[in-house]
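Following: one structure in structure tokens, then a few remarks.
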Amino acid sequence: MGALGFLEKCLSLLFCSLLVSEITLCKGSSPDVRDFVESMTGECHYVNGTQRVRFMHRYIYNQEEYVYFDSDVGKFIAKNELWRIVADSWNNNPDIIEQERSAVERCKYNYGVLHSFTADRRVEPSIKISLMDQNEQPHAVQHTLLCNVFGFYPSEIEVKWYRNGQEETEQVQSTDPYHNGDWSYHILVMLETEIHKGDTFTCEVHHRSLDAPHRVDWHPQSSDAAKNKMATGIVGFVLGIVFFIVGLVIYMRGRKVQTSFHGPQNERFLPQ
């Protein structure tokens, strides 16, 4: 059997297996036919809700699409002449064509199930500002402020940095929103800037879940390191007062005992 004949046979069997598996590995039966990977994707395209639904079923061979089903056309379409024989074979099979066309109704059903959980879902973001590289570069002129925005849905979001009321744009870098795996997203937006005492830095977030932009301010004296130093100083001061009072009480009690003690007098020391 030639390589093309083997491929045709493998693809004929592959159609049924792809209904339950997205990726299938076919092994060649001779040294002339190398192993290859077959995969597929199913896509539902919506216009004005379910007013118009288009189903696309794409078949991919070694990362190259070779044939696809288009519900708007109602048949399989080959991407090149080599795969036309496969497309024609599937188009002449009434069971396969009917199964592909019925996928449009499944798309409509899935839209109703998922719409309320996706398109209408709104989750407000949480915002936290922190200072990076404070310990690694204690005397650096430029510092990096990090605005951590997390737990929001949907993924479209806009984050801006302000310094003393003026928007910063030149030294701002951002990651792309990435999925947390729990139907929420996360983004990091960094500002490289000089920090002086009295500055006010603001991270402003625009998102569809918010009636108005959410703003969080950060001041140099309110950084985590400053708060820790202040807390340590307060604790030390309080402990110092406690120890001083305890020591003072012990000292005063000792003085009182010495003053109130009258021992027996020795008559030999009394004046004659």
- Message: Being modelled with pLDDT under 90 and out of contact with any helix residue (DSSP H, G or I) (no Cβ under 8 Å at 6 or more places or on another chain) is true for just one of Asp211, Asp120, Asp217. Which residue is that?
- Response: Asp120
- Task: Return only the number of the condition from (1) at pLDDT 95 or above; (2) touching a strand residue (DSSP E or B) at 6+ places or on another chain (Cβ under 8 Å) that Glu194 does not satisfy.
- Result: (1)
- Among residues of segment 54-75 being among the hydroxyl-bearing types (Ser, Thr, Tyr) and touching a helix residue (DSSP H, G or I) at 6+ places or on another chain (Cβ under 7 Å), the residue farthest from Asn93 (Cα to Cα) is Tyr66
- Task: Please enumerate the residues belonging to segment 164-202 that are among the small types (Gly, Ala, Ser) and more than 19 Å from Val216 (Cβ to Cβ).
- Result: Gly181
- Message: Quick check on my filter: what residues within segment 41-61 are open to solvent by less than 30 Å² (accessible area, probe 1.4 Å) and part of a strand (DSSP E or B)?
- Response: Val53, Phe55, Met56, His57, Tyr59
- Between residues in segment 49-62 that are under 16 Å from Leu82 (Cα atoms) and residues that are aliphatic (A, V, I, L, M) and outside any strand (DSSP E or B), which pairs lie under 8 Å by C-beta distance while being six or more apart or on different chains? Tyr59/Leu18
- Residue list for segment 110-128, filter: surrounded by fewer than 16 Cβ atoms within 10 Å (Cβ to Cβ) and either part of a helix (DSSP H, G or I) or among the hydroxyl-bearing types (Ser, Thr, Tyr) (or both): Asn110, Gly112, Val113, Leu114, His115, Ser116, Phe117, Thr118, Ser126
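One line per residue, one yes/no per condition, for (1) farther than 30 Å from Lys108 by Cα; (2) within 35 Å of the chain's Cα centre (by Cα); (3) modelled with pLDDT of 50 or more:
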site	(1), (2), (3)
Gly5	yes, no, no
Leu14	no, no, no
Val47	no, yes, yes
Arg52	no, yes, yes
Arg58	no, yes, yes
Ile77	no, no, yes
Ile85	yes, no, yes
Asp88	no, no, yes
- Query: Has segment 143-166 got any residue that is open to solvent by 40 Å² or more (accessible area, probe 1.4 Å), modelled with pLDDT under 90, over 30 Å from Arg121 (Cα atoms) and not basic (Lys, Arg)?
  - Reply: no
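I need the full set of residues from segment 62-109 which are within 19 Å of Val37 (Cα to Cα) and open to solvent by 60 Å² or more (accessible area, probe 1.4 Å), in order please. Break it down into steps so the answer makes sense when it comes.
To start, the set of residues in segment 62-109 that are within 19 Å of Val37 (Cα to Cα) comprises 62-68, 78-80, 82-83, 86-87.
Once the filter is applied, which keeps residues that are within 19 Å of Val37 (Cα to Cα) and open to solvent by 60 Å² or more (accessible area, probe 1.4 Å), segment 62-109 yields Asn62, Gln63, Glu64, Lys79, Leu82.
The values are calculated or read from the model by the stated rules, or taken from the named source; none is laboratory data. In this text the structure is predicted, and so the values were computed from the model without any measurement. When we count neighbours, we look across all protein chains shown, and the Cβ atoms used for this are built from the backbone with ideal geometry, even at glycine. Just so you know, the surface numbers come from the protein's heavy atoms only, side chains and all, with ligands and any DNA or RNA stripped out. Shrake-Rupley method; radii C 1.70, N 1.55, O 1.52, S 1.80 Å.
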